[in-house]
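Enquirer: Next up is a structure, given as structure tokens.
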Amino acid sequence: MRKQIAAANWKMNLTSAEASTLLNEIVAAPIQLKANQQAIFAVPAIYIPLAIEKLANHPQLLVAAQNCHQKTNGAYTGEISATMLASVGIKHIVLGHSERREYFAESDALLAEKVNAVLAIDSTPLFCCGEPLLIRESGKQNEFVEAQLINGLFHLSAAEIVKVVIAYEPIWAIGTGKTASSEQAQEIHAYIRSCLANKYGNDIAQEISILYGGSVKGANAKELFSQPDVDGGLVGGASLVATEFEAIINALK
Ligand code: 13P
């Protein structure tokens, strides 16, 4: 059975004291996770040791990084490798968020290298994809997202792809308060799963979690997550408020 996941993406938010308070509130919250469910916190890299310490006694509350460099080590000032992240206990790394693609010019080819780097240290890439508004308005979102999958992920073997979590995040819904309707989310998630099935077979496609991201809140999470191909969410703004993220976690199937 594939995992149902509520993933928080804090992006570049919170001071150390605020991060500490939020994590304290999360661990104190009455969160009920079933065996197939996880909550993952993609915190700014500088807060990873803090988050690991705070969540240490909660095996289903995991810490992730928001990015990594594609190389193992070397003269890349300011960068952090997947190997370094693994050495402090990180097992999940978000890759290819639309903000990284747009503001840091991350290409599909670069992301394919990063995916390899994360899998090489036996960690899980949370691979983001999703179309901008103009593409959605032209009705070409399926082709757009399929190309991101082909170019960023489909070089992987079947044994490798099952280790990946995919996050579909339509750019027009990120931080805008506009959410894809549950029908729109289900439609494209089903399309993503059909691409996986065509490439790797249906059994493997059924194993891969596909998260929805874009203005997920406590109030809309249950409806979105109730869709058969929506296996949870990748959450920005609402993950910075403990009660909101708690409601999102409790909305998982
Ligand atoms: P919001 O939930 O703030 O729309 O952000 C979504 C996102 O980008 C998560 O990665």
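All of the numbers you see were taken from the coordinates with simple rules; none came from a lab. As the structure is a computational prediction, the values presented were derived from the model and not from experiment. Ideal geometry is used to build each Cβ from the backbone, glycine not excepted, and the neighbour counts take in all protein chains shown.
Enquirer: What is segment 170-219's relative contact order, in percent, from Cα pairs under 8 angstrom and six or more apart in sequence?
Expert: 54 percent.
Enquirer: Take the residue pairs 3/222; 34/114; 11/217; 11/114; 11/140 and return only those whose Cα atoms are more than 24 Å apart.
Expert: Numbers: 3/222 16 Å; 34/114 31 Å; 11/217 16 Å; 11/114 19 Å; 11/140 28 Å.
34/114; 11/140, as the Cα separations exceed 24 Å there.
Enquirer: Could you give me the ³J(HN,Hα) list for segment 238-247, computed from phi with Karplus coefficients 6.51, -1.76, 1.60 and θ = phi - 60°, whole Hz, x at Gly and Pro?
Expert: 3J(HN,Hα) across segment 238-247, in whole Hz: 5, 7, 8, 10, 4, 5, 5, 5, 4, 5.
Enquirer: Moving on. Just round it to a whole percent: the fraction of Cα-Cα distances in the chain exceeding 35 Å.
Expert: The answer is 8 percent, as a whole percent.
Enquirer: Once phi is turned into ³J(HN,Hα) by the Karplus curve 6.51 cos²θ - 1.76 cosθ + 1.60 with θ = phi - 60°, what whole-Hz value does each residue of segment 122-134 show in order, with x for glycine and proline?
Expert: 6, 9, 9, x, 9, 8, 8, 9, x, 9, x, 4, 4
Enquirer: When the convex hull of the Cα atoms of segment 25-72 is projected onto a plane and the area is averaged over all directions, what value comes out in nm²?
Expert: Spelled out: convex hull of the Cα atoms, projected over all directions, averaged, 4.3 nm².
Enquirer: Whole-Å semi-axes of segment 1-114's equivalent ellipsoid, largest first, each the root of 5 times a Cα gyration tensor eigenvalue? Numbers along the way, then the final one.
Expert: Details: eigenvalues 129, 55, 37 Å².
Listed largest to smallest, the semi-axes of segment 1-114 are 25, 17, 14 Å.
Enquirer: Another question about this same structure. Would you list, by chain and number, the aspartates and glutamates whose Cα falls below 19 Å from the Cα of residue 199, excluding same-chain residues fewer than 8 positions away?
Expert: Here the aspartates and glutamates satisfying the reach criterion relative to residue 199 are 108, 143, 146, 160, 187, 207, 229.
Enquirer: When only Cα pairs under 8 Å and 6 or more residues apart are kept, what is the percent relative contact order across segment 1-132?
Expert: Here the relative contact order equals 20 percent.
Enquirer: Near the amide H of residue 167, under 5 Å away, which other amide H atoms are found, from residues 5 or more places off or on another chain, if H is placed in the peptide plane?
Expert: Distant-sequence amide H within range of residue 167: 127, 128, 129, 211.
Enquirer: In addition: With θ set to phi - 60°, apply the Karplus curve 6.51 cos²θ - 1.76 cosθ + 1.60 along segment 167-178 and write out the HN-Hα couplings as whole Hz, x wherever there is a Gly or Pro.
Expert: Taking θ as phi minus 60°, the curve returns 10, 8, 10, x, 4, 5, 9, 7, x, 9, x, 8 Hz for segment 167-178.
Enquirer: A follow-up question, please. Percent relative contact order of the chain, based on C-alpha pairs within less than 8 angstrom and at least six residues apart?
Expert: Worked out over the chain, it gives 22 percent.
Enquirer: Hey, can you grab everything whose amide H is under 5 Å from the amide H of residue 92? Only 5+ residues off in sequence or another chain; H modelled, so Pro and N-termini drop out.
Expert: Under 5 Å from the amide H of residue 92: 65, 124.
Enquirer: Where does the charge balance sit around residue 186 when Lys and Arg score +1, Asp and Glu -1, over other residues with C-beta under 12 Å from its C-beta?
Expert: -4
Enquirer: Under a 5 Å amide H to amide H cut-off, with H placed in plane at 1.01 Å, what residues pair with residue 40 once short-range neighbours are removed?
Expert: The answer is 6, 7, 8, 62.
Enquirer: Let me ask something else. Quick one: net charge of residue 157's neighbours, Cβ under 12 Å, K/R +1, D/E -1?
Expert: Every neighbour counted, the sum reads +1.
Enquirer: Counting residues in segment 96-218 as N, plug N into 2.2 N^0.38 Å and put the Cα Rg over that result. Mind dumping the intermediate values first?
Expert: Details: Rg = 13.9 Å, N = 123, 2.2 N^0.38 = 13.7 Å.
It is 1.01.
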